Amino acid sequence: MDLVEINSKTNPPICKILNYNKFIYRQNKKIKKNKNKNFIIKEIKFRPNTNKNDYNTKIKKIKNLINKHYKIKIIIRFKGREVIHKNIAIKMLNNIKKKLNKISKLDFLNNKIENNQMIMIFKPNK
């Protein structure tokens, strides 16, 4: 058992009699727990010609993941000559943004086509 100073800023300082190793272990555990509050990123992929039913199913899945505090990366992938239809993909991204606006924040939006894909990232509201 050791005399451990808990808070030195108060007058008089606060001290406790406890096992010092156990105290240090618990402090390190708290610090690690606070560091691990980063969001896990989940990817959802769309195509410019995604059907309405598939689109709605993916939107429901995205909403569930956001409610579970996941970060969502939405990718619209182009194949072949679909790259010509950039305007369809932009409309799709805007519709997704409108539907998810209440439960999440837009973290990143890339309107340019890079590597045959467009990317948008959402993070949940706190």
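Every number in this text was worked out from the coordinates using simple rules, so none of it is lab data. Predicted model, so just to flag it, every value in this text is computed and none were measured. Methodologically, a virtual Cβ is constructed for each residue, glycine included, from the backbone with ideal geometry; neighbour enumeration extends over all protein chains shown.
Some observations on this one:
- Take every Cα pair under 8 Å whose residues are at least 6 apart in sequence, average their separation, divide by the length of the chain, and the relative contact order is 21 percent.
- At R0 = 30 Å, FRET efficiency that the Cβ-Cβ distance of D2 and I31 yields, to 0.05: 0.90
- Helical content alone sets the calculated 222 nm signal of the chain at -12500 deg cm²/dmol, taking -39,500 (n - 2.57) per DSSP H segment of four or more residues and averaging over every residue.
- Considering only I84, I74, I96, the mean-square fluctuation computed in a Gaussian network model of the chain, springs between alpha carbons under 10 angstrom, is largest for I84.
- Spin-label pair F23/K73, simplified geometry with 7 Å Cα→Cβ offset, distance in nm: 4.4 nm
- Residue by residue, the range 74-88 carries 3J(HN,Hα) couplings of 9, 10, 9, 9, 9, 10, x, 7, 5, 4, 4, 8, 5, 5, 5 Hz when phi is fed to the Karplus relation 6.51 cos²θ - 1.76 cosθ + 1.60 (θ = phi - 60°); x denotes Gly or Pro.
- GNM result for the chain, Cα springs below 10 Å: residue of N53, N11, N115 fluctuating most strongly: N11
- Given charges at Cβ of Lys, Arg, Asp, Glu: the chain dipole, positive-most of H69, P13, T57: T57
- Legend: Rg and Dmax of the chain, from Cα coordinates, 23.7, 74 Å.
- Cβ-placed point charges (K, R +1; D, E -1), dipole of the chain about Cα centre in debye, nearest 20: 480 debye
- Inter-centroid distance (Cα atoms) of the range 1-69 relative to the range 72-126, Å: 27 Å
- Taking M120, M92 and counting other C-beta atoms within 10 Å, the order from fewest to most: M92, M120
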